[in-house]
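Notes for the one structure printed next.
Throughout, read-outs are computed from the coordinates displayed, never taken from laboratory work. In this text, all values refer to a predicted model and were calculated from it rather than measured experimentally. Neighbour counts run over all protein chains shown; Cβ positions are idealised from the backbone, glycine included.
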Amino acid sequence: MTDVTPHGPGAPVAQAAPAHGNPAMLALPVFLVASVALGFNLLGWYPAAAGGALVPLALVTALFLLIACVWSTSLGDSYSAGVQGVFAAFWFGYAVWTLGAVHSWFGVPPADLGQATQLFLIAFLIVALLLVIGSFRGPLVFTIFIFFIMAAVVLILLNTVYAPSTTLSDLAGLAVLIFCVFGGYMYLSAALAGKDGPVLPMGAPLLK
């Protein structure tokens, strides 16, 4: 972008403004890649064996979310850096736990894998709740986005606590795809703004 505001007699007509970029342009699409695959898998749109593709997607997503986290930190945006860091940890943890469970890396007996998965999900669910509350001072669209992430985790957790249920799995997959829609909306807004286009409506914060 170019700053065309006059700064007094003799000032240059146009002056290049410092370009720092927007980490959301990286964080949102890479987050959506793994999330869309997870949603499709929960809905049973692909064979269960195809779920193995989630592991490399989760690792790649975690890597680029970590890069976005460092980028946000360099801009002094601590909240965004925290959110990106938390989700990087989630996807990395998901990939490591999935591989570890399949190959018995952690010494967890097969009969206890369900409870171990519940521990992983509950820990993240608590953090997700904090993210929802922290988002109340931000745009409404972002709050809805985080809320549906938390809802998806709750439904996946319930599906592990009780006998695996097609209904719960479908509801979890639907919640995942809903937050993907809101994430895609935020990405489009950032992309349009990045090309000097209009910023899409984000909604007023719940707390001012």
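Structure data summary
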{"item": "Gyration tensor (alpha-carbon) shape descriptor, region 115-208, a/c threshold 1.5", "result": "prolate"}
{"item": "Cβ crowding within 10 Å averaged over residues, with 29-39, 158-168 ranked highest first", "result": "29-39, 158-168"}
{"item": "Anisotropy class of region 160-203 from Cα gyration tensor, a/c 1.5 cut", "result": "prolate"}
{"item": "Ile133 paired with Val86, simple spin-label distance in nm, labels 7 Å along Cα-to-beta-carbon", "result": "1.1 nm"}
{"item": "Estimated FRET transfer efficiency (Tyr162, Val60; beta-carbon r; R0 35 Å; 0.05)", "result": "0.65"}
{"item": "Kirkwood hydrodynamic radius (C-alpha pairs) into Stokes-Einstein, region 20-194, 20 °C and 1.002 mPa s, D in µm²/s", "result": "129 µm²/s"}
{"item": "Taking the chain and dividing mean pair separation by its residue count, relative contact order in percent (alpha carbons under 8 Å, at least six apart)", "result": "24 percent"}
